[in-house]
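The values are calculated or read from the model by the stated rules, or taken from the named source; none is laboratory data. Everything numeric here is computed off the predicted structure, so don't read it as measured data. Here the Cβ is made from the backbone with ideal geometry for all residues, glycine too, and neighbour counts use every protein chain on show.
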Amino acid sequence: MTQMAIAKALNESLRTSLENDPKVLVMGEDVGRLGGVFRITDGLFKDFGEGRVIDTPLAESGIVGTAIGLALRGYRPVVEIQFDGFVFPAYDQIVTQLAKMHARALGKIKLPIVIRIPYGGGIGAVEHHSESPETLFAHVAGLKVVSPSNASDAYWMMQQAIECDDPVIFFEPKRRYWDKGEVAVSSVPADLHKAVVAQAGTDVTLAAFGPMVKVCLEVAAAAANEGRSIEVVDLRSISPLDFDTVQASVEKTGRLVVVHEAPVFFGTGAEIAARITERSFYALEAPVLRVGGFHAPYPPARLEEEYLPGLDRVLDAVDRVLAY
Amino acid sequence: MSVKSTAARRTTRGGAKRRGGEPELVQLLTPEGDRVEHSEYSIDVTPDELRGLYRDMVLTRRFDAEAITLQRQGELGLWASLLGQEAAQIGSGRATRPDDYIFPTYREHGVAWTRDVDPLNLLGMFRGVNNGGWDPNENNFHLYTIVIGSQTLHATGYAMGVAKDGADAAVIAYFGDGASSQGDVAESFTFAAVYNAPVVFFCQNNQWAISEPTEKQSRVPIYQRAAGYGFPGVRVDGNDVLAVLAVTRAALEHARSGQGPMLVEAFTYRMGAHTTTDDPTRYRSDEEREEWASKDPIARLRAHLDKQGLADEGFYAGLDAESDALAKRVRDGVRGMPNPDPMAMFENVYADGHALVDEERAQFAEYLASFEDAPAASHGAAGSGKGH
Ligand SMILES: Cc1ncc(C[n+]2csc(CCOP(=O)(O)OP(=O)(O)O)c2C)c(N)n1
Ligand SMILES: [Mg+2]
């Protein structure tokens, strides 16, 4: 067990993957000499050289498109998109090619590519640096979408994503990069796409992933002071989504609130609400509620505390779901 | 000021000759402040105009320095400094006419100055109170664009509209050396060439795209790319305000007179960090920066003014006072900028309204109001007693 920040855990994980598999490449804007704007690739350029850790031209479509070509040639590229809002020049390559090529080739080719995207708000940034576009990828068959919430998962899930033969969109909770946690570097990790109960409880289930897990754990602690027992499910993977774990929790608590930063309209929460309603209709004591972003552009930094789901808004939803 | 040379018709000009491996660039004022002639570009400037350009650059630099300070003090969330690029921006901005339209990146504070955009307007997005917010049509100065390269297509489309309208205005699209790699920029070159759009592509090659040097973007000087699309390209000394002015005027005239697009590469240097969150010591040498410091655009014009005896102590003292006043106005203005009302999030999402936005607006207002009903529960506190 070692204490590590999420950023460091990702860095160590990339290092391990580069060491273990000569086909692994790290590529993106500023990932080389600088070590990435968040320093996730710090030191890798120095230790593995420019043949393995590649500063690319400033062109996201180019980054993903060439990663596809490298994968076709047998490499396992791990590409960095500098910020969530800058993935869209690559969206065409991701949706029309990366997601569908395996099916198009009737399974004869594989595209083991990881696209790392620091995402989410809460860092006081300018426009395009705070978005949560996971739904736009989860909606596309052929892509896997995951997001760790803590250092240990960051460490293990990155390596699992790199080992995965499918394209994985790896959303990194950028405002938690510096949060430290225990990393069990030698223990056997949970399956990449398995949800876990991060905190057991009996009255209400909160389901979240990435940066919102911490908020939900804080909510659970606050609610405990008022005698309410909250269960927190860390989804970890958005596609595929481990509905079984959510269902098991809901069938215990009877109440579910899904929390994410992304807008609720057509969001992950909507999908979970629909599926859980189908699976657990008679176990539910209340409709599934969602707490998330609004149907509006991500606001300027000085409003983001109002926009982002925080303790108060989640507690409000807990109150409402318990009021039924 | 009059530009004597007319724009060339079709070929790539300026920079055909090579010296020491680097292509030649158009220069009218040496780093030592001496006027030189160029075979294709020349300019007549009155002492008044020279002092005006100097004033523009000094005030722009002062504004920029003030913004960096405000960021350090926590008044701004971020700042993208233009330090070192004053001549590229003032020279090109002053080349535009009021009816020309400007599409900036996020670093064009000097160009904004030449368009009479209130510097305080530029600071809103860096403070985090808006995402731009000024009216682009007021000064024909579009909003800052953060997504690299996007605006070059908008500029091209705008120029296509100008041409359709039969207007004789031109459009200028700013972008960086890094941006030159983006597909959007390549597509804008294609469209501009195919439709003969009256647009000038103005690339400030400041040698760096965050940590990546220009060699990571292009193996040929950027201006030479124009040839492949079928329009002229020229490299200008981006730290020479007179050369930038002359070349940009010629390029805009070229566009206005129906000859189509042109690419201007202003060869300059980003003297500061990429933004206030960047640490350039991780990827570039002090020597490089020092070398470029000796080509400083403001010192260069000052040397010229002094050698020619075109400005006296009174002028400089007056400008110092004006700089201080500008800095104070910016400081006070930023500190006085209120946080937006939370309900502003729901404004202007659509021009014609949207039922879901209305519903969420009402729900959020009710949610906020619930805190007023229940004074015991404070915002951000652990308690959830919200009157339910
Ligand atoms: C599409 C996109 N990708 C990445 C970024 C992040 N980013 C911001 S500025 C920058 C470098 C831009 O370099 P350049 O075009 O040379 O302009 P400069 O900053 O030097 O003025 C990058 C990579 C972005 N804003 N947009
Ligand atoms: Mg640059």
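A few notes on this one:
- Among the criteria (1) in a helix (DSSP H, G or I); (2) in contact with a Leu (Cβ under 8 Å, 6 or more places away or on another chain), the one A:Ala103 does not fulfil is (2).
- Of all residues in segment B:183-206 being in contact with a helix residue (DSSP H, G or I) (Cβ under 7 Å, 6 or more places away or on another chain) and near ligand 1 (Cβ under 8 Å from one of its atoms), the one that is farthest from B:His154 (Cα to Cα): B:Asn205
- B:Gly132 satisfies every condition listed in (1) crowded, with 22+ Cβ neighbours inside 10 Å; (2) within 16 Å of ligand 1 (Cβ to nearest atom) except (1).
- Checklist (1) within 16 Å of ligand 2 (Cβ to nearest atom); (2) touching a Lys or Arg at 6+ places or on another chain (Cβ under 6 Å) applied to B:Cys203, failing item: (2)
- A:Asp234 vs. criteria surrounded by fewer than 19 Cβ atoms within 10 Å (Cβ to Cβ) and of a type in the set (Asp, Glu): no
- Selection of segment A:201-228 for residues being part of a loop (DSSP other than H, G, I, E, B) and away from every other protein chain (no Cβ under 14 Å) yields A:Gly201, A:Thr202, A:Phe209, A:Gly210, A:Pro211.
- Selection from segment A:35-82 of residues that are touching a residue at least 60 places away in the same chain (Cβ under 8 Å) and either near ligand 1 (Cβ under 10 Å from one of its atoms) or part of a loop (DSSP other than H, G, I, E, B) (or both): A:Phe38, A:Ile40
- Residue check for B:Gln224: more than 16 Å from ligand 2 (Cβ to nearest atom), of a type in the set (S, T, N, Q) and surrounded by fewer than 24 Cβ atoms within 10 Å (Cβ to Cβ): yes
- Residue within segment A:71-81 that is in contact with a Pro (Cβ under 9 Å, 6 or more places away or on another chain), under 19 Å from A:Leu136 (Cβ atoms) and either buried (at least 18 other Cβ atoms within 10 Å of the Cβ) or not assigned by TED's automatic domain parsing to the domain that holds A:Ile6 (or both) present: yes
- Qualifying residue in segment B:15-28 (condition: at pLDDT 95 or above and either among the acidic types (Asp, Glu) or surrounded by fewer than 15 Cβ atoms within 10 Å (Cβ to Cβ) (or both)): no
- Cβ-Cβ distances below 6 Å connect no pair with a first residue in segment B:167-178 that is farther than 15 Å from B:Gln207 by Cβ, a second residue that is within 16 Å of ligand 2 (Cβ to nearest atom) and of a type in the set (A, V, I, L, M), and a separation of six or more residues or different chains.
- Applying a threshold of 8 Å to beta carbon distances and a minimum spacing of six or more residues, or different chains, the list of pairs starting in segment A:303-318 at a residue that is more than 7 Å from chain B (Cβ to nearest Cβ) and ending at one that is surrounded by fewer than 20 Cβ atoms within 10 Å (Cβ to Cβ) and part of a helix (DSSP H, G or I) reads A:Arg313/B:Tyr367.
- Flag for B:Arg249 being within 16 Å of ligand 2 (Cβ to nearest atom), modelled with pLDDT of 95 or more, away from chain A (no Cβ under 14 Å) and in contact with a strand residue (DSSP E or B) (Cβ under 6 Å, 6 or more places away or on another chain): no
- Test result for A:Met158, in contact with a strand residue (DSSP E or B) (Cβ under 8 Å, 6 or more places away or on another chain), surrounded by 24 or more Cβ atoms within 10 Å (Cβ to Cβ) and assigned by TED's automatic domain parsing to the domain that holds A:Asn20: yes
- Just one of the listed residues (A:Pro112, A:Pro89) is touching a Cys at 6+ places or on another chain (Cβ under 9 Å) and surrounded by fewer than 23 Cβ atoms within 10 Å (Cβ to Cβ), namely A:Pro112.
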